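*Asks:* Handing you this structure, nothing more for now.
The values are calculated or read from the model by the stated rules, or taken from the named source; none is laboratory data. Fair warning: this is a prediction, and the values are worked out from it, not measured in the lab. When we count neighbours, we look across all protein chains shown, and the Cβ atoms used for this are built from the backbone with ideal geometry, even at glycine. Ligands, DNA and RNA are excluded from the accessible area calculation, which covers all protein heavy atoms including side chains. Shrake-Rupley method; radii C 1.70, N 1.55, O 1.52, S 1.80 Å.
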Amino acid sequence: MTNPFDLSGRTALVTGANTGIGQAIAVALAQAGADVAVAGRTPPDETRAMVEATGRRFVAISADFTSIEPIPHIMEEAIAGLGRVDILVNNAGIIRRADSVDFTEDDWDDVMTVNLKAPFFLCQAFGRHVIGRQSAEPDAKGKIINIASMLSFQGGIRVPSYTASKSGIAGITKLLACEWAGKGINVNAIAPGYVETNNTSALRADEKRSAEILARIPAGRWSQSSDLGGPAVFLASDASDYVHGTILPVDGGWLAR
C-alpha cells in the first residue's frame, strides 16, 4: 500500500526555520522525504545539518520579512535550488508586548507586516507558481501551511498586534482555501499552543503567569517544537487532500478546557 504521508519527491519552503517551530517542521518534512528550502534573516546552519542528515537537499535563502520586497527572490531562489516548490510553510513571526494603552504604531506595523502581510504575499507568489505550472503539468498541486496561534481563537493580553495578525492568518487561510481548493492547492493552518520557544521566554520567566498557563493545559506540559512536526507532515501530504481551510489546534487540549 502507498504511504499517504510519504513526501518523497516533494519540495518545501519554510520561513523562519533556524530554530523552534520552523526548524522542527523543516526537519519533519525532510524526514518524510521532502527536499527543503528555508528563508529567514539568521543563517540556518543547525537546520541545514539536521535536514542534510536525512539525505535530503537543503537550500538556505536570506530574507528579511519586515517588508515584502524579498518575496519574489525567495520564490526564485527556492525554485532555482529545488526545481519547484510544492509545499509552503509560513512560520516566520515576531511578537511585541505592551499594555494596549501604551502600544506604539511601530510595534503595530512591524508585527502586522511580518506576521500577516508577508505571509499573504508569499502565499500569492506560491499560488501563482503552482497554478502557472498546471498548463504543462495538469496534476501539479500545492500545500500551504500557515502558522496561526491560540490567539487566532482568543484575545490574549498585552499583545494587540500579535492577536490581530494571528486572527488575520486564520482569515486569509480560509479565504485562500475558498479560492484555491478547486485549483489543486490546499490551504490550512496549524495553531500551536504554548510552545517552549524564544517567543514565549518572557512568559516562562514569569513564574505566576507560567504556572497559570500550565494549570490550564490538560496535557500537563508546555509543547515542544517537535510536537508540530507530525501535524505539518499530515497537512503537507496526500493524507490531507480533502482538508481545506482548517485551523488545526496543536495545543495539549488548551481550547477544550
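*Asks:* Any idea which of Gly182, Phe234, Trp222 is furthest toward the positive side of the dipole for segment 130-257, if Lys and Arg beta-carbons carry +1 and Asp and Glu beta-carbons -1?
*Replies:* Sorting the options by dipole projection puts first Trp222.
*Asks:* Something else: Report the gain in length on full extension from Glu76 to Ser210: 0.36 nm times residue separation, minus Cα-Cα distance, nm rounded to one decimal. Don't skip to the answer; put the middle values down first.
*Replies:* Details: separation 134, 0.36 × 134 = 48.24 nm, distance 4.21 nm.
Net length gain for the segment: 44.0 nm.
*Asks:* Of the residues Asn146, Asn91, Asn199, which exhibits the maximal mean-square fluctuation in a Gaussian network model of the chain defined by a 10 Å Cα contact cut-off?
*Replies:* Highest fluctuation of the listed residues: Asn199.
*Asks:* Compute the helix-to-body angle for 118-133: its Cα long axis versus the longest principal axis of the chain, expressed 0 to 90° and rounded to tens.
*Replies:* In the chain, helix 118-133 runs at an angle near 20 degrees to the longest axis.
*Asks:* Based on DSSP H runs of at least 4 residues, each adding -39500 (n - 2.57), what is the mean residue ellipticity at 222 nm of the chain after dividing by all its residues, to the nearest 500 deg cm²/dmol?
*Replies:* Details: 9 runs with 100 residues, N = 257.
Mean residue ellipticity, 222 nm, calculated: -12000 deg cm²/dmol.
*Asks:* Here is a further query. Of His73, Ala24, Pro119, which is farthest towards the positive pole of segment 1-119's charge dipole, taken about the Cα centre with +1 and -1 on the beta-carbons of Lys, Arg and Asp, Glu respectively?
*Replies:* Among His73, Ala24, Pro119, the one farthest towards the positive end of the dipole of segment 1-119 is Ala24.
*Asks:* Separate question: Can you find, among Asn3, Val130, Thr15, the residue farthest towards the positive end of the dipole of the chain? Put +1 on the C-beta of Lys and Arg, -1 on that of Asp and Glu.
*Replies:* Comparing the listed Cα positions along the dipole, Asn3 ranks first.
*Asks:* Give the distance, in whole Å, between the Cα centre of segment 1-28 and the Cα centre of segment 156-208.
*Replies:* Centre-to-centre (Cα) distance: 18 Å.
*Asks:* Okay, moving on. Quote the charge dipole size of segment 62-166 about the Cα centre in Debye, to the nearest 20; the model charges only the Cβ of Lys and Arg (+1) and of Asp and Glu (-1). Write out the running numbers ahead of the final one.
*Replies:* Values: 10 positive and 14 negative charges, 104 e Å.
It comes to approximately 500 debye.
*Asks:* Let me ask something else. Describe numerically, in nm with one decimal, the distance between label points set 7 Å from Cα along Cα→Cβ at Ile68 and at Thr2.
*Replies:* With each label point 7 Å from Cα toward Cβ, the separation is 3.6 nm.
*Asks:* What is the helix-to-structure angle for 71-82, meaning the angle in degrees between its Cα long axis and the longest Cα principal axis of the chain, kept from 0 to 90 and rounded to the nearest 10?
*Replies:* Its long axis makes an angle of about 50 degrees.
*Asks:* At 0.36 nm per residue, and after removing the present C-alpha to C-alpha distance, how many nm does the segment from Glu46 to Ser201 gain when stretched out fully?
*Replies:* On the way: separation 155, 0.36 × 155 = 55.80 nm, distance 2.05 nm.
Net length gain for the segment: 53.7 nm.
*Asks:* Shifting gears a bit: Skip the ligands, DNA and RNA, and give the accessible area per residue of segment 129-199 with a 1.4 Å probe, whole Å². Numbers along the way, then the final one.
*Replies:* Details: 2750 Å² over 71 residues.
Result: 39 Å² per residue.
*Asks:* Where the accessible area of segment 20-70 is counted over protein heavy atoms with a 1.4 Å probe, how much of it, in %, is carbon and sulfur?
*Replies:* On the way: 1030 of 2180 Å².
Whole-percent figure for carbon plus sulfur exposure: 47.
*Asks:* Given a cut-off of 17 Å, what percent of all Cα-Cα pairs of segment 82-181 lie beyond it?
*Replies:* Details: 2694 of 4950 pairs.
The answer is 54 percent, as a whole percent.
*Asks:* Going through segment 164-227, which trypsin sites (Lys or Arg not before Pro) have at most 14 other Cβ atoms within 10 Å and a DSSP loop state? Write down the numbers at each step before the final one.
*Replies:* Values: sites: Lys166, Lys174, Lys183, Arg204, Lys208, Arg209, Arg216, Arg221; in loops: Arg221.
Within segment 164-227, the qualifying trypsin sites (Lys or Arg not before Pro) (loop, at most 14 other Cβ atoms within 10 Å) are Arg221.
*Asks:* A further question on this structure: Roughly to the nearest percent, how much of the accessible area of segment 94-170 is carbon and sulfur, given a 1.4 Å probe?
*Replies:* Carbon and sulfur atoms account for 52 percent of the accessible area of segment 94-170.
*Asks:* How far is helix 160-180 tilted, in degrees, relative to the longest principal axis of the Cα atoms in the chain, given as a value from 0 to 90 rounded to the nearest 10?
*Replies:* Relative to the chain, helix 160-180 is tipped by roughly 30 degrees.
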